[in-house]
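This report concerns only the one structure given below.
The values are calculated or read from the model by the stated rules, or taken from the named source; none is laboratory data. This structure is a prediction, so every number in the text was calculated from the model and none was measured. Positions of Cβ are backbone-derived with ideal geometry, glycine not excepted, and every protein chain shown enters the neighbour counts.
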């Protein structure tokens, strides 16, 4: 039967079950598209890590800079002495929160890509699902939490 004559929603011998609103075909093109999508998820996660690192680092640097500035001889006292600390805490917590959301999103999308109708085009094994990017994200969350509590409790 010609593909143009097939009824909507029917699949031929080279397709997997329908994944919601579209059909997943088990071809090399589909597999390599899946791999490109998987790698784009990795790049997105690395972008989140880069952004969170900048937020955490900048928040910590603001606190340290203004504390050192207050200690310099001849420095005028600040009108709002807690403002740099509050801004630093806000930036650090924003970085940690962004990274927590990014990890949640990353894990959700990976489960989606490996499940359901996409399993036939994903490959025979789940090898490589846990990549270093997730470990780095978790480590950065821990560093961000340490920085937050170090500033909050004035440990540094």
If you check residue 98 against the conditions, is it farther than 16 Å from residue 41 by Cβ, surrounded by 13 or more Cβ atoms within 10 Å (Cβ to Cβ), modelled with pLDDT of 95 or more and in contact with a helix residue (DSSP H, G or I) (Cβ under 7 Å, 6 or more places away or on another chain)? yes
Looking at 27, 37, 10, which one is at pLDDT 85 or above, surrounded by fewer than 16 Cβ atoms within 10 Å (Cβ to Cβ) and over 30 Å from residue 151 (Cα atoms)? 37
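So which residues in the stretch 50-92 are crowded, with 19+ Cβ neighbours inside 10 Å and either within 19 Å of residue 134 (Cα to Cα) or more than 27 Å from the chain's Cα centre (by Cα) (or both)?
Listed by number, the residues that qualify are 52, 55, 56, 84.
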